[in-house]
Every structure is written in C-alpha cells, then in structure tokens.
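In what follows, a structure is listed as structure tokens, so that the remarks can point back to it.
The values are calculated or read from the model by the stated rules, or taken from the named source; none is laboratory data. Bear in mind the structure is a predicted one, so any value in this text is a computation, not a measurement. Because the Cβ atoms are built from the backbone with ideal geometry, glycine has one as well, and the counts that use them run over all protein chains shown.
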Amino acid sequence: MSRRQKAAVLLTADVLVVPLTLYLALAGYENSFVLERQLLSDWETVPILMGLAGLLSYALSMPSIQLNDYEAVGLPAGAVFAVLIGLAALGLNGLADGVAPFSAFVTFSVFLFLGILAGRLTMRFLLLKLLHLQNPRTNVLIYGAGRTGMQLAAALRHDPRIMPVAFVDDNPALRRMTVVGLPVLSPAKLEQTIAEKNIRRVLLAMPSLSMPRKIRLSRRLEPYGVEVQALPSFAQLVGEEELVHKLTSVKPADLLDRSQFDAGLEHSEHLFNGKTILISGAGGSIGSELCRQVLACSPARMILLDHSELALYTINAEVESLCNSVEVVPVLGSVCDARMVQNLLGTEKVDVVLHAAAFKHVPLVEKNPLAGLANNVFGTKVLADAARASGVSRFILVSTDKAVRPINVMGASKRISEMIVQDLASRSEGTLFSMVRFGNVLGSSGSVIPLFEQQIANGGPVTLTHEDVTRYFMTIPEAARLVLISCALSRGGDVFVLDMGKPVPIRKLAHQMIQAAGYTVRDAVNPDGDIEIQVTGLRSGEKLHEELLIGEERVTTAHPKITRALEDCLSEIEIATVLRELRTAIDTNDAITAHAVLSRWIEGAMTPENVKLG
C-alpha cells in the first residue's frame, strides 16, 4: 500500500469514527434514545461534525504521521483533534437548545481519542502481520536485560526484519521476570532457547563490557551456530573508537625498567655528514630507524639495500619525503648476491656500511636452518669482503645477545657473523670493522610487544613460554643510536654492548601491557578479570635467560652507557674452515651436518635441553 493510499484510509477512518463514538457516548444515558433522535432530527449534527473532522484531520496532518511514530508524534495531535471535535459538538448542542448534558461531550471526546488510537494501532498491527507473512523476521536473543537491553528491545519491537523473543542475563535477580514484554532467561538455558525459538542471532546489549569479555562471550556462543553482534559503545557511535585505543596504547619506552638511552650524535655525526652511507636491511625495523637517524646527520647519499620490494618501497618513500636534499638510491637485492654487492660498493664509493640485513626470527630460522645460515653468515661475508675490497672506512655489524652461547640456529649464525667481522678486523688496515650486540628490540616486527598487543586485542589469552623467562630490552631508537655512536668509538674488532640494566621478566611485561590497555589479568586471585596469561612451554631453540657477554671481561668506552666486550675469536684459517664446511652442508642440503659444524666451532654452544634444565 502506497503512502497516499494509507493517508486516504486513515482520513476516512478519522471521519467515520465520529458518528460511532458520538453514538457510544450518548448510549450511556437513561434517555439516550431520545437524545440521539432529537440531535439527529433537529439539526444536521453528525454530517457537520464529520465534515469538520475531515478538515481538522487534514489540517493536523494526522493521516501523514508514520504509524511506528504514532506514540510519540500522533498522540498529541489525536488529543487536540478529539478536544476540538468535542467542543464543536458541544457548540452544536447549544444551538439545539442543549438537549444533551455537558458530560456527554466530555465522554465523546475521550471515546473519539480512543477510537482514533485504536484505528491506527489496528491498522499497524494488520500491516505488520501482512509484512511479516511476506518477509519473515529473524528471531534474536538480547544478552543483557539492563537499560541498554530494554532500549534495544523497544527499538526492535516494530522492526520489519528483526524480532526479539527473549532476554538472557547473568543477574539471578532478573530470572523469571518479564521486561518490556520479553521473558528474562538464564544463560544456562541458552542452547535450549536457541533450538526452541529458532534463534539466528544474539545481540550483546552491554556496551560497557570490556572487549576481551565480549570476545569470550562470543566464543562461548560459537558452538550454537548463531551470529553474535555487539551493540556499539558511545565511543564507537560518535566515531571516537580509534581515539580510545590510542589513549590506551603502550609506548615501548614505558616498559623499560631503566632510563632511556637518548645520547646525542654530536661525536659521531661527522662520520655521516656529507658521506655516502649504505644501509643493508634498510626496510626492516632497525634498518628503517637507522635511515631516519642517519638522515638527521645530513649525508650526501644514502644507499638503501633490501631484498623486500614492499619494505624498500616504503622506506624509500619515507626518506624522500623527509628530506629532498639527500640523494637516495634504493637497491633491490640480496646481500648474498656477491656480484651485485661487489659492483655496488665498487662503483658507489661508499664510506660507511651499516649491516642490519638478517633473518632474525628464531622459530622460522629453526625450521629453515640452511636458508638462515646462507643469508646471515654468507651475506655478512659477502658484504664485509666487498667493503674491505672497495676501501669502505667503517663497517658496523648489527648482532644480537642470542649470539652468546647460542642454542638456536639464528643465534649461532650471528655468532659466526661476529667472528667473520672480528677476523677481517684483525687483518684490515683501511676498514674499521666492529659490531654491536643488542638485546630484544621492543616494537620491532615479530617482537613481543606486537604479539601481546594482538593477543590483547583478540581478548586473550596472552601466551608466555615459561613463567620465569626474562629478556634484555631496548627500543628501536636506542638500537639505532647505539649503532651510530659505536661508529665513533670503534678501534677495530670491537663488540659494543649497551648497558640495558637488569633483564625484564616477560610475565611482568605481559601484566604491564594488559593493565596499560585498560584491562585486568584473569587468574586464580581475580577469576573475573579480562585477559588470561597462559604458559605454553619453551620453544625449540629458546633460552630461559639471555646473556650479553661470552666472557666476563669488558672495558668502558668514552660513553658511560656503552662498554666494549673482550672476546676471543677464531683465526683466519679456522674461519675459512667453518665457512667451507657450512657451504658444503648448504649446497648438499644437509641440515644435520650444518648443526654439527655450529656446535663444534662456537664457544659455549649449548643444547636446548641443557638450558631448560639449567
């Protein structure tokens, strides 16, 4: 039925209800028959009232009021209509010498108002029934019978697509009650109710509920095969959800149990100013930060080398947007490509090489040991040899604390890389070779912070590999700054280490991140908390505690926060033997032999079992 047709029907109903309600109003009096007969015979009361009713209904736009809005909009108009028609009938009664009492016209006005309301409610009921027969509604449960749930139920009552059939609420006080016409059921009856009522959707009407608890509730409802939707919070409705998340985000520096390393570059800036700097792994977490900090030293040229097209494109675009006075040369390629690397350093006249390219994710390298060794070990060898041959003034290797008594292939590959650089430093006059050893870098790709953030955003659990696992931590800016400052401190063959304070318990870090995100930890002490912390067990190649030094000897440097480790290294002949044996293992795809070579040549190498037990 079109809107115009509905308006015509309603206008007709407004007119026809007048004689009906007038008759009913007079029927209650003892001489009602005489009154009705006198009114109808003495003057044309009814036709006049019907005509006035039609004009007044149209003037008040009563036929145009939406049926679903009638309670809010139509009732005042209906009341005005009934009162005015009642007054008109009273006036006509006076002209007819007052044959009917005043109270009869009050009753008439009330009956007329009720008749108008009844007509519209009846029409709405019939139209909805017809609509629902043509388009069946989806049965839904509303989880939460509080104020929000009640408002939601009221809003959906006349929705043509959705029909709320019941509430579900955890509050025992609401059980067996009826709220806005719907029963309140126990969560224990969810499965039974979903089956009996043919429920297709459950609406979570608890916008103040924390996201982790919403996620847990959704997981609980998954087995029932229903769609779960959450009513948005006020922040989501006004478009401020992103702001709310930003207000609870965690800065890596906030998680350090020490003051942040923020030394200036005044003593090393001259090494980069006006020079040509090559950064391998330029698109990675450390490499990209090196690009930003080197750029602040006003180099003449920056050569960005990376094997990832996307990572290289991203950092190249960023560097070019930050400064258009520095020539930027993006090079897409691998440090393992000896011909490309030798040609690049031979033609570009590079002054400083910052070697940050490496496969660093321990579990991935454990599953792909030969690829990890080829990239980390032989990539370092290729780049370091090319730097020495082309007369590069300084070469800095980015290493890791996992190189100290390694129990995994990634750490072992970095220790071999360190020994390659130490060997070249002992027999190179034109190039100063050195390396920096990091702890875990907070916020880098694959590190603990992005992992925990994702787990918290998913409602948990946050996973730990061991209750007592600890790590040394530094931020990405700290790591890059350590590399650049170490360039000025280098004497050749140095292993530089940053004073990172005490190792941080990972469980403590998990607690801090959960609380900083605005949630609570769910455990035996707080069973109603938001996020659970689960212990999954140490992975293959994972240490319980990391170390920074192989030996105990280290000396201070010109910077109070940076020390130089004094460590033994292999001879040129021994390094050549290690590389030859590893190359053979890689070429023959023999991972077992590769592991044996690493165990034989790396000082302090241990098995994962020893570490777990020790």
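Remarks
- Which numbered condition Gly430 fails, given (1) part of a loop (DSSP other than H, G, I, E, B); (2) in contact with a Leu (Cβ under 8 Å, 6 or more places away or on another chain): (2)
- The set of residues in the range 551-583 that are aliphatic (A, V, I, L, M) and either in a helix (DSSP H, G or I) or not assigned by TED's automatic domain parsing to the domain that holds Val597 (or both) comprises Ile573, Ile575, Ala576, Val578, Leu579, Leu582.
Quick grid of which residues meet (1) among the hydroxyl-bearing types (Ser, Thr, Tyr); (2) modelled with pLDDT of 80 or more; (3) not in a helix (DSSP H, G or I):
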{"position": "Gly115", "(1), (2), (3)": "no, no, no"}
{"position": "Leu121", "(1), (2), (3)": "no, no, no"}
{"position": "Leu126", "(1), (2), (3)": "no, no, no"}
{"position": "Lys129", "(1), (2), (3)": "no, no, no"}
{"position": "Leu133", "(1), (2), (3)": "no, no, no"}
{"position": "Pro136", "(1), (2), (3)": "no, no, yes"}
{"position": "Asn139", "(1), (2), (3)": "no, yes, yes"}
{"position": "Ala145", "(1), (2), (3)": "no, yes, yes"}
{"position": "Leu152", "(1), (2), (3)": "no, yes, no"}
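- Arg539 being assigned by TED's automatic domain parsing to the domain that holds Lys402, assigned to a loop (DSSP other than H, G, I, E, B) and surrounded by fewer than 15 Cβ atoms within 10 Å (Cβ to Cβ): no
- Qualifying residue in the range 180-188 (condition: assigned to a helix (DSSP H, G or I), within 29 Å of Gly518 (Cα to Cα) and at pLDDT below 80): no
- With respect to the conditions (1) surrounded by 15 or more Cβ atoms within 10 Å (Cβ to Cβ); (2) within 29 Å of Val521 (Cβ to Cβ); (3) out of contact with any Phe, Trp or Tyr (no Cβ under 8 Å at 6 or more places or on another chain), Val168 falls short on a single one, namely (3).
- Some residue of the range 502-516 being closer than 30 Å to Ser571 by Cβ and not aliphatic (A, V, I, L, M): no
- Residue in the range 450-460 that is in contact with a helix residue (DSSP H, G or I) (Cβ under 7 Å, 6 or more places away or on another chain) and within 17 Å of Asp568 (Cα to Cα) present: no
- Residue count for the range 472-516 under the criterion of being at pLDDT 85 or above, part of a strand (DSSP E or B) and within 30 Å of Ile533 (Cα to Cα): the result is 1.
- Verdict on Ser325 being at positive phi and assigned by TED's automatic domain parsing to the domain that holds Glu269: no
- Of the residues making up the range 143-164, those that are touching a strand residue (DSSP E or B) at 6+ places or on another chain (Cβ under 8 Å) and on the phi < 0 side of the Ramachandran plot are Tyr143, Ala145, Gly149, Met150, Leu152, Ala153, Leu156, Arg157, Arg161, Ile162, Met163, Pro164.
- Residue match in the range 353-370 (condition: buried (at least 19 other Cβ atoms within 10 Å of the Cβ) and over 28 Å from Gly541 (Cβ atoms)): yes
- Among the residues listed as Leu598, Leu570, the single one being out of contact with any strand residue (DSSP E or B) (no Cβ under 6 Å at 6 or more places or on another chain), farther than 18 Å from Val495 by Cβ and surrounded by 14 or more Cβ atoms within 10 Å (Cβ to Cβ): Leu598
- Looking across the range 343-352, the residues that are in a helix (DSSP H, G or I) and surrounded by 17 or more Cβ atoms within 10 Å (Cβ to Cβ) come down to Leu344, Leu345.
- Per-region count, the range 337-393, residues of a type in the set (Val, Ile, Thr), in contact (Cβ under 8 Å) with a residue 24 or more places away in the chain and more than 24 Å from Leu484 (Cβ to Cβ): 3
- Restricting attention to the range 269-301, the residues being without any contact (Cβ under 8 Å) to a residue 40 or more places away in the chain, closer than 13 Å to Glu327 by Cβ and surrounded by 22 or more Cβ atoms within 10 Å (Cβ to Cβ) number 1.
- For the range 425-441, taking the residues that are surrounded by fewer than 22 Cβ atoms within 10 Å (Cβ to Cβ) and closer than 10 Å to Ala384 by Cβ, the one that is nearest to the chain's Cα centre (by Cα) is identified as Thr431.
- Of all residues in the range 460-506 being over 14 Å from Ser399 (Cα atoms) and among the small types (Gly, Ala, Ser), the one that is surrounded by the fewest Cβ atoms within 10 Å (Cβ to Cβ): Gly501
- Which listed residue, of Val436, Val441, Val448, is closer than 23 Å to Trp601 by Cβ and among the β-branched types (Val, Ile, Thr): Val436
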